[in-house]
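The values are calculated or read from the model by the stated rules, or taken from the named source; none is laboratory data. This is a predicted model, so every value here is computed, not measured. A quick note on method: Cβ atoms are made from the backbone with ideal geometry, for glycine too, and the neighbour counts reach across all protein chains shown. All accessible areas refer to the heavy atoms of the entire protein, side chains included, with ligands and DNA or RNA removed. Shrake-Rupley method; radii C 1.70, N 1.55, O 1.52, S 1.80 Å.
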Amino acid sequence: MQGFRAVFAGEEVESMDCLVRRLLPGEVEEAMALVWEVFLEFEAPVYSVQGVETFRRDIIENKDYLANCRAGKCPLYGAFDGDKLVSVMGMRSNRSHINLAFTRREYQRKGLATAVFQCLLEDVIKDLPKPSAITLNSAPYGLPFYLHLGFIPMSEEQETDGIRYTPMRYMINQ
């Protein structure tokens, strides 16, 4: 990998061999397969059995959520290396909360997830009214990445239904 093309404000920006853009309805299943694979590798080992089951039920097998992703109500963004999806970031339908961020191991720490976040942020900034902040609940593994992006913890780590997370917020420049 040497560079990527990112789609910001509707324009592709070239700097690596990957393309970063909003996902299409037909790419939701591929995105969920990547999410589940990376979740099992990095998150599941520090979650309880209940937490893994909660994630599977609420995200991977949630028919309403998946339908909302396909309809664009819960937008997904991704980075592609050729035809291969290698990084995914998703939002809830309110478009002010990130609920997914997963990157394949061999593509981590190469700037792809940051580029996906920038693409997502450019899209969110176009919303009217523009949200003042983006929130997320960071899993333990993702905390350093979100701090690097400028997210600020809103409280200590919590656990709900076996899912460990730190609530975080990113202030959007007004």
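Worth a mention:
- Some residue of the stretch 91-110 being within 28 Å of residue 17 (Cβ to Cβ) and touching a Pro at 6+ places or on another chain (Cβ under 8 Å): yes
- Residues in the stretch 108-126 that are part of a helix (DSSP H, G or I) and over 23 Å from residue 86 (Cβ atoms): 1 in all.
- Residues located in the stretch 67-111, provided they are at pLDDT 95 or above, within 15 Å of residue 138 (Cα to Cα) and among the charged types (D, E, K, R): none
- Filtering the stretch 66-90 to residues that are buried (at least 20 other Cβ atoms within 10 Å of the Cβ) and over 15 Å from residue 103 (Cα atoms) leaves 69, 74.
- Pair list, Cβ < 7 Å and 6+ apart or interchain, from the stretch 140-165 residues that are more than 17 Å from residue 121 (Cβ to Cβ) to residues that are among the basic types (Lys, Arg) and open to solvent by 50 Å² or more (accessible area, probe 1.4 Å): 140/164; 154/169; 157/164
- Remark: pairs (first residue in the stretch 124-137, more than 14 Å from residue 93 (Cα to Cα) and in contact (Cβ under 8 Å) with a residue 24 or more places away in the chain; second residue open to solvent by 70 Å² or more (accessible area, probe 1.4 Å) and among the basic types (Lys, Arg); Cβ separation under 8 Å; 6+ apart in sequence or on different chains) = 133/169.
- Considering the stretch 124-169, the residues that are aromatic (Phe, Trp, Tyr) and open to solvent by less than 40 Å² (accessible area, probe 1.4 Å) include one that is farthest from residue 55 (Cα to Cα), namely 151.
- Pair list, Cβ < 6 Å and 6+ apart or interchain, from the stretch 92-116 residues that are among the polar types (S, T, N, Q) to residues that are assigned to a helix (DSSP H, G or I) and open to solvent by 30 Å² or more (accessible area, probe 1.4 Å): 93/68
- Which listed residue is open to solvent by 30 Å² or more (accessible area, probe 1.4 Å), within 23 Å of residue 165 (Cβ to Cβ) and within 15 Å of the chain's Cα centre (by Cα), from 41, 37, 53: 37
- Elements of the type helices (runs of 4 or more DSSP H) sitting completely within the stretch 11-95 and holding at least 3 residues that are under 19 Å from residue 108 (Cβ atoms) and out of contact with any strand residue (DSSP E or B) (no Cβ under 6 Å at 6 or more places or on another chain): these cover 28-38.
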